[in-house]
Amino acid sequence: MAATCEPNQNPWLSHSVRIAGITREIPGVLTLDLEFEDSARAATWAFRPGQFTMLYVPGVGESAISISGDAADTGRIRQTIRDAGNVTHSLTGLPIGATIGLRGPFGSSWPVDECRGRDVILVAGGIGLAPLRPVIYHMLHHRQQYQELTLIVGARDPALLLYPGEFEHWRTQGLNIIPTVDHADESWRGGVGVVTTVLERLWLRSPAETMLMTCGPEVMMWYTMQTALGRGIPAGSLFLSMERNMNCAIALCGHCQFGPYFLCREGPVFRFEQLRSILRIDDL
Amino acid sequence: MTESAAVPGIVAPAMNSGDSSDFIGNRRPESFLLRDDLQLLMRRLQEDGYTIVGPKVDQDAIVYGELTGVSDLPQGWTDQQQPGKYRLVPRDDQRMFGYVPGPHSWKQFLFPPSAIVATAQRVGSSWQMSTQDEPAPRYAFLGVRSCELSAIAIQDKVFLGGAFVDPHYEQRRDAVLLIAVNCTQAAPVCFCTSMKTGPRCQSGFDLALTEIDTGFLVEIGSERGRLLVEALPLRPAVSEEIRAGERGRADAERQVTKQMNTEGLHDLLLEQLKSPHWETVAERCLSCTNCTMVCPTCFCSSVTEVSDLSGDRVQRERQWDSCFNVDFSRVNGIPSRDSISSRYRQWLTHKLATWQDQFGTSGCVGCGRCITWCPPGIDLTEEVRTLRQLAESPQLTAAIGETASSSLPPNTAPQNTTEGRG
Amino acid sequence: MTHAPTRKPRLAVFKFASCDGCQLSLLDCEDELLTVAGLVEIAMFPEASSRMQPGPWDIALVEGSITTPHDAERIRQVRRDCTTVVTIGACATAGGIQSLRNWGQHEEFLRCVYARPEYISSLSTSTAIAEHIPVDYELRGCPVNRQQLLEVILALVAGRKPRLPAHSVCLDCKRKGTVCIEVSRGVPCLGPITQAGCGAICPSFDRGCYGCFGPALQANCGSLTNHFLDTGSAPKTLLPLLRNYNAAAPAFREQSDRLEQLAQAVSGKVDSAVE
């Protein structure tokens, strides 16, 4: 698990990034487009789908935020943020042109290489689609390397589906998208129910050749894993992205421990087998 | 000094002291430093530009602090320790190192309780971010015990052994000189023999002393140690002195009576994550953080913002923190570990089990500080013993489980909530 | 980083049953006072200025506890008039030292103290502000810590949540290098169950913490009480430790009630804790 923050540099150093664009996604959630002020840092920037950065508002603090943009677009860093805590509240209130700090990228990544030649199912709950979007971009850029690509995306109601404006484009590029909501309105054309119900009924070409990645609330991910196992997808082909309090992102502060793991180092993306025995232990 | 063959002990500066594995069973002969000449060693350190830190009597305890000379040492003092209790008491001799480690540990010098790791300065509409790169103090630690050498080695793995190196620890660690002192007594809370960390200093020091009534047997652990004592009036130890040193070290070993069975401990603890015993411990545990603060290996910290009134100049301050704090695990307002039982479980299983997964070593050196400095005197060796008994007797577990609250609520149905990540 | 507000937030200070010490902490911010005055409009602060401007206000600093029917009504009006309500000090957050009346005989006190008790309209209890209205932030302490007070004001001006640690005093003692006097000298110290914020002052002056910042989050007060009892402290001597500035804080109250029962069992006679 190589660290991808710049080597030989003080890992506490934040780099200045300027907010170049703001996309309001759903209530309380927006995406920031960030550009490095230092062109030298911009030139070396690269990340792998699933990784995160520490975004920093001086005087308020840092927060671990998934990268939700396209790894091929090296010009700007896109990060989707939900207004949930002190730092994210501040981040979601900044104007275009404001400067914040960034450290990273940090952490493990989705197995996009391991997925080559296979069917891939992505299961996202709510804002859990954000860290999976770089996987979608990657696989659609390299569409011929993958077999069936399916995205099951759930939300409480249609207005809370993330990135709906991109769905049509993704579909034309070869992504099968199945949205489902808990509560539908009259205009809703998609499914109603939880993501596991969709997964339960999904046609699988070859379960043994299928890989699944999921991100969302822990309980949703757990049942997604159970359903996937029930459908015959091997445990070793299941991946999930976890969230815990991250304070340093460099495995020095102890906050993000989950069983034997530092979420900032071995995670946030895990193979299900790594977490199987501890995921349902309360308050771990 | 006739120690010319001594150099294999020198390794990379970050681990500046001897990896003396080749002379564990084949130790180099000890030299002898007269009691009155310890001041020459201290003066030499000061001349070399070191700030000497070591034991001194303060606040009714033997603590670690800056020393100006021999007179600062706790000569004629010792301590009595038991779970939840420490007393400073006079000795009936004039030993300078006749005590067992107290409330402080060396981590406060290598990993200070508070340090500025970064700053941000508003410049126009932008922010200038930088890191704090002050020169680190150059410490000589005097009086490091064997378990404490192990603790330093463990923190080396935490702060220096991963993909990201902590520059603050690294600078201090690179500069430090370690003068160890072998224990010649032990407290009822000590269990270094179980953790294979003592009582005799084996490696990781520049010099190791053994105090006897007339002075100190001196063992050299590194080239730096050799250079340090070159100018001192050392002479080869005579057999009587060597025997006195051996007797003192044997006394310490004999006095270590507390034991912790570490066999299969990693798996045992991780199989007991749902044990009702955690609730039983939580009835006593104050979740006050004392054990983690006095632990020489605990490394948890938090970085917080410290700004001036204008908000234009911000310092990012790293402070010691603890897994016993509710806020430590909070994400978006909700703590992952919202009960004392879950936090005690996190601490104990990390210290004795998952630490091995993370760093290839136990996080416990058997120093007993967490036992002495826990106000209600919770003894982790007793808790491990109970957990082991429970693991071996499911009936016993069931009996406790009936009185303790159940650890797992019924699973809730999955929902497509928008909660989660951002 | 936050945009300059179009107008300064308006701050008001309200006093209920209290000694004024906490609001004086604001005036104590000598070096910072001008900066604070530049960040907020101090619209009502009777202790400092006779110039009082009517509400509504953005930030209310509320000192003191509720001890009269009139105050119980007044605090509801404060809530209606203010966007953010911050209670400051042990009186406001727990009922204060005057909450000792909660264990006493209210009518009897009135008769003993006042020549014409019929003119006095007071409640038989002293209660925390949060028992009457929703409170946004609490600043503990008797008195509050000046730095925490500044932090709250600066945070509210900047539109962020204030950083108010909920951990125990022990952590701050350890960060300072203060040796635990409970363990090293057997001094009963409330540090393990008391919320930090004071800077761990008392133990560094050889005094046990007397809990003026009230119970820490999820404090295990029962275990500490047991420990004091097990190590030889008498219930009667421990009682005043918990029946103090934060006597009515539920976590402390529960244990002091228990100690009182034990003390009564020990002495075999009724001991009023207030005496």
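Readers should treat all values here as calculations from the given coordinates under stated rules, not as data from a laboratory. What you see is a predicted model, and the numbers here were worked out from it, not measured in a lab. All Cβ positions, even for glycine, are placed from backbone atoms using ideal geometry, and neighbour counts span all protein chains on display.
A few remarks follow.
- Taking the DSSP bridge list for the range A:29-151 and keeping only pairs wholly inside it, about 85 percent are antiparallel.
- Dmax and Rg, reported as Rg then Dmax, of the range C:10-158 (C-alpha, Å): 15.9, 51
- Relative packing of B:166-173, A:164-171, which averages over residues the other C-beta atoms within 10 Å, highest first: B:166-173, A:164-171
- Here the contact order of the range A:119-241, divided by its residue count and restricted to Cα pairs under 8 Å and six or more residues apart, works out to 30 percent.
- Sequence-separation-based contact order of the range A:208-284, relative, with Cα cut under 8 Å and 6+ spacing, percent: 29 percent
- Per residue, chain C reaches -11500 deg cm²/dmol at 222 nm when only DSSP H runs of four or more residues are counted, each adding -39500 (n - 2.57).
- Relative to the longest principal axis of the Cα atoms of chain C, the long axis of helix C:250-267 lies at roughly 20 degrees.
- Cα gyration tensor shape of the range A:216-276, rounded if a/c is under 1.5, else prolate or oblate by comparing a/b with b/c: prolate
- For peptide B:113-119, the mean count of partner chain Cβ atoms within 10 Å of a residue's Cβ comes to 4.
- Seen against the Cα atoms of chain A and their longest principal axis, helix A:218-230 is set at about 40 degrees.
- Shielding score for C:156-162, defined as the mean number of other chain Cβ atoms within 10 Å: 4
- Put simply, the range C:169-267 fits an ellipsoid with semi-axes of 22, 15, 10 Å; these come from the alpha carbon gyration tensor as the roots of five times its eigenvalues, largest first.
- Eigenvalues of the alpha-carbon gyration tensor of chain B, scaled by 5 and square-rooted, set the equivalent ellipsoid semi-axes at 40, 29, 19 angstrom, largest first.
- Listed residue (A:Val120, A:Met225, A:Ala159) projecting farthest to the positive dipole end of the range A:119-241, Cβ model: A:Val120
- Under Karplus coefficients 6.51, -1.76 and 1.60, residue-wise ³J(HN,Hα) of the range C:47-61 in Hz, glycine/proline x: 5, 9, 8, 7, 7, 10, 9, x, x, x, 10, 7, 10, 10, 9
- Neighbouring partner chain Cβ atoms per residue of A:256-266, average, 10 Å criterion: 4
- Calculated from backbone phi, Karplus (6.51, -1.76, 1.60) coupling profile of the range B:194-207 in Hz, x at Gly/Pro: 5, 8, 6, 10, x, x, 8, 5, 9, 7, x, 10, 8, 9
- Radius, Kirkwood style, for the range B:168-254 when every pair of distinct Cα atoms is counted (Å): 14.3 Å
- Which of C:Ala263, C:Leu239, C:Gly211, positive extreme of dipole for the range C:169-267 (C-beta unit charges): C:Gly211
- Per-selection metrics, the range A:119-241 (Cα): Rg and Dmax in Å: 13.4, 40
- The dipole here belongs to the range A:54-116: it is taken about the Cα centre, uses +1 on the Cβ of Lys and Arg and -1 on the Cβ of Asp and Glu, and is about 120 debye.
- Stokes-Einstein diffusion for the range A:15-106 at 20 °C, viscosity 1.002 mPa s, with a Kirkwood radius from C-alpha pairs, works out to 166 µm²/s.
- Shape summary: chain A maps onto an equivalent ellipsoid whose semi-axes, from the alpha-carbon gyration tensor, are 29, 21, 19 Å in decreasing order.
- Considering helices alone, the calculated mean residue ellipticity of chain B at 222 nm is -8500 deg cm²/dmol, with DSSP H runs of length four and up weighted by -39500 (n - 2.57) and normalised per residue.
- Dipole moment magnitude, nearest 20 debye, the protein assembly as shown about Cα centre, only Lys, Arg, Asp, Glu C-beta charged: 660 debye
- Note on the protein assembly as shown: Cα-only Rg and Dmax are 30.8, 97 Å.
- Residues considered: B:Gly333, B:Gly204, B:Gly84. Largest GNM mean-square fluctuation over chain B, using C-alpha springs under 10 Å, is found at B:Gly333.
- The long axis of helix B:380-392 is offset from the longest Cα principal axis of chain B by roughly 50 degrees.
- Chain B, relative contact order [Cα under 8 Å, separation at least 6], %: 20 percent
- Considering only Cα atoms, the convex hull volume of the range A:41-155 works out to 111 Å³ per residue.
- Each principal axis of chain C carries a Cα extent, and these read 64, 55, 27 Å when sorted largest first.
- The GNM of chain C, with springs linking C-alpha atoms under 10 angstrom apart, assigns the highest mean-square fluctuation among C:Leu33, C:Leu224, C:Leu61 to C:Leu33.
- Around the Cα centre of the range A:15-106, unit charges on the Cβ atoms of Lys, Arg, Asp and Glu (plus for the first two, minus for the last two) sum to a dipole of about 100 debye.
- Sorting A:188-201, C:169-182 by average packing, meaning the other beta carbons within 10 Å per residue, from highest down gives C:169-182, A:188-201.
- Filtered GluC sites (Glu not before Pro), the range B:246-304: DSSP coil and at most 13 other beta carbons within 10 Å: B:Glu263
- Spatially, the range A:176-200 and the range B:132-192 are offset by 57 Å when compared through their Cα centroids.
- GNM top mover of B:Thr78, B:Thr361, B:Thr297 - chain B, alpha-carbon springs below 10 Å: B:Thr361
- Distance histogram for the range C:170-214 (every C-alpha pair counted, 5 angstrom bins, percent rounded to whole numbers): 6, 28, 41, 21, 4
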